[in-house]
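Inspection log for the structure reproduced underneath, given as structure tokens.
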Amino acid sequence: MQAKPKSKRFIPQEEISMSNSLERLKALRSKLEEKTREKNAAKAAKRDITLDHQPSLEKQSAPVPGETNGTESVRSENIKRLQELYTILGIFEKSPDFDKIFIYKAMNLSGIGLKEEDFGVVREGKYIQIIAITYEPDKNGKKKAKNISLGYFGKAEALQHERKNTIIEFVLRWRYEKAFQNVEHYKALIAKLKSSDRRF
């Protein structure tokens, strides 16, 4: 009996836009980590030169300090600023618990472009909203995307430039932290595979 071909899943435009912005954030994070690695490599080389002049000392493979700390510092600063924006924009009115804003699968922005070609461009006649996206099962058990408004800011053309930038920054910083959480999730799964006492 011939198997039925699987139907292609429709990908909403919002998910595509979110994905593009997330790629830019990942690229930024990669650059930051690359700079941290270069800085640590220079420190390691200097340390090795010092050790070469000490006779009988083994060059132990100690972890390079600063690489993890550098990443964690960037993440900590991002979270701190995100909490400030959470208060400034009144997101707490729709989501009183800051930590729970990360239960959403994605976050998008209506009325303002976030793609490379229209980044920061307001769409006249449109209303500005921060949209959180989650997936909930319908009556048939199939997961469907559900949009939840976390902030409404009126018409695009009436929005002040500084306010617009603050809204964009909140969405991008949320995605940045979400990217960190996704990396931790996959690191934990890989660690399970490497664990000698786990059998699957």
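Close contacts from the range 176-189, counting a first residue that is modelled with pLDDT of 95 or more and a second that is among the polar types (S, T, N, Q), with Cβ to Cβ under 9 Å and a gap of 6+ residues or different chains, come to 176/78; 177/78. Anything in the range 124-142 that is surrounded by 14 or more Cβ atoms within 10 Å (Cβ to Cβ) and either small (Gly, Ala, Ser) or over 24 Å from residue 94 (Cα atoms) (or both)? List them, or say none. Scanning the range 124-142 gives a single hit, 132. Assess whether residue 166 counts as being at pLDDT 90 or above, closer than 30 Å to residue 71 by Cα, in contact with a helix residue (DSSP H, G or I) (Cβ under 8 Å, 6 or more places away or on another chain) and not in a strand (DSSP E or B). Answer is yes for this residue. Within the range 175-185, is there a residue that is among the β-branched types (Val, Ile, Thr) and surrounded by 15 or more Cβ atoms within 10 Å (Cβ to Cβ)? No, the range 175-185 contains no residue that is among the β-branched types (Val, Ile, Thr) and surrounded by 15 or more Cβ atoms within 10 Å (Cβ to Cβ).
For the range 71-89, does any single residue satisfy the condition of being part of a loop (DSSP other than H, G, I, E, B), at pLDDT 95 or above and over 20 Å from residue 179 (Cα atoms)? Yes.
For the range 120-129, a residue qualifies if it is part of a loop (DSSP other than H, G, I, E, B) and either more than 23 Å from the chain's Cα centre (by Cα) or in contact (Cβ under 8 Å) with a residue 40 or more places away in the chain (or both), and the qualifying residues are 120, 123, 124, 125, 126. Answer yes if at least one residue in the range 135-146 is on the phi > 0 side of the Ramachandran plot, at pLDDT below 95 and over 21 Å from the mean Cα position of the chain (by Cα), and no otherwise. So far as the range 135-146 goes, yes, one or more of its residues are on the phi > 0 side of the Ramachandran plot, at pLDDT below 95 and over 21 Å from the mean Cα position of the chain (by Cα).
In the set 150, 172, 189, only one residue is touching a helix residue (DSSP H, G or I) at 6+ places or on another chain (Cβ under 8 Å) and either within 19 Å of residue 93 (Cβ to Cβ) or loosely packed, with under 10 Cβ neighbours inside 10 Å (or both); that residue is 150. If you go through the range 98-118 and keep only what is surrounded by fewer than 18 Cβ atoms within 10 Å (Cβ to Cβ), of a type outside the set (Asp, Glu) and touching a residue at least 24 places away in the same chain (Cβ under 8 Å), you end up with 102, 103, 105, 115. The residues listed here are 178, 144; of these, the one that is within 20 Å of residue 104 (Cα to Cα) and in contact with a Pro (Cβ under 8 Å, 6 or more places away or on another chain) is 144.
The values are calculated or read from the model by the stated rules, or taken from the named source; none is laboratory data. Since we're looking at a predicted model, the values are computed, not measured. All Cβ positions, glycine included, derive from the backbone under ideal geometry; neighbour counts span all protein chains shown.
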